[in-house]
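Laboratory data are not the source of any read-out in this text; all were calculated from the coordinates shown. No experiment lies behind these values; they were computed from the predicted model shown. Neighbour counts are summed over all protein chains in view; Cβ atoms, including those assigned to glycine, are modelled from backbone coordinates with ideal geometry.
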Amino acid sequence: MASTWIYLVRHGEVLGAETRRFIGHLDVPLSREGEAAMERLASRLAGVPLVAVYASDLGRSRRSAEIIARLHGLEPEPVPALREMAMGRWEGLTADEIKAREPEAFKEWMARLGDFPFPGGEGVVALLARVWPAFERILSAHEGDRVAVVGHGGTNRVILCRALGLPLARALAFGQDYAALSLLEWRGGRWVLHVLNQTEAGTGGATLIG
């Protein structure tokens, strides 16, 4: 049986990224650098025979997917379940603003990173519960194909944890930079990770076509 290859991408840099705000479900557009970085990633993927491109329905992910899909004559398919983790009442705030408003909750969140649910939002267990079934549907629809999935930092981390059989508490151990690529192969009933969080600076000699 032929392998299925998933090109797992984090969207490009967003407008105002330097403020390091908790974005979550807020619909923030790509910055100029985010657009440019996605164009460069799309060029690196131009020779990959992608048959489909899927994305979160948030604008930053959709736009990133459009840039990749264009070179393949494809239209990205939005998947709402691939949205970033809902960060509740902390969305739009910086860490300093949250500490000033809710010091105890922020302290607990810092002590239990990846485990403590965002107040009024989600935790990693809830995130995986909505993301993984959608990811499996994509996988089953494209047996033996190559597909791009454009998600978010949280989305991609829980996918990687589940695929590699790691506890969700390890989710933050996976780097997920803006416009970075991870490459997963589904082969013989198991996942193989070939590339993790590959950015332009770290392309090295890694091939994108196994």
Checking Arg20 against (1) touching a residue at least 40 places away in the same chain (Cβ under 8 Å); (2) surrounded by 15 or more Cβ atoms within 10 Å (Cβ to Cβ), which single condition isn't satisfied?
-> (2)
Among (1) part of a helix (DSSP H, G or I); (2) over 17 Å from the mean Cα position of the chain (by Cα), which single condition is Trp186 missing?
-> (1)
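Matching residues to (1) acidic (Asp, Glu); (2) over 16 Å from Arg20 (Cα atoms); (3) in contact with a strand residue (DSSP E or B) (Cβ under 9 Å, 6 or more places away or on another chain):
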{"position": "Ser64", "(1), (2), (3)": "no, yes, yes"}
{"position": "Ile68", "(1), (2), (3)": "no, yes, yes"}
{"position": "His72", "(1), (2), (3)": "no, yes, yes"}
{"position": "Glu75", "(1), (2), (3)": "yes, yes, yes"}
{"position": "Pro80", "(1), (2), (3)": "no, yes, no"}
{"position": "Gly92", "(1), (2), (3)": "no, no, no"}
{"position": "Lys99", "(1), (2), (3)": "no, no, no"}
{"position": "Trp109", "(1), (2), (3)": "no, yes, no"}
{"position": "Phe116", "(1), (2), (3)": "no, yes, no"}
Take the residues of the range 138-171 that are charged (D, E, K, R) and surrounded by fewer than 24 Cβ atoms within 10 Å (Cβ to Cβ): which is farthest from Ala46 (Cα to Cα)?
-> Arg170
Looking only at the range 33-57, count how many residues are more than 15 Å from Arg146 (Cβ to Cβ) and among the small types (Gly, Ala, Ser).
-> 6
With the condition kept exactly as written, say whether any residue in the range 143-151 is assigned to a helix (DSSP H, G or I) and not β-branched (Val, Ile, Thr).
-> no
Per the list (1) surrounded by 14 or more Cβ atoms within 10 Å (Cβ to Cβ); (2) under 23 Å from Ala52 (Cα atoms); (3) touching a residue at least 24 places away in the same chain (Cβ under 8 Å), residue check on Gln198 breaks on (3)
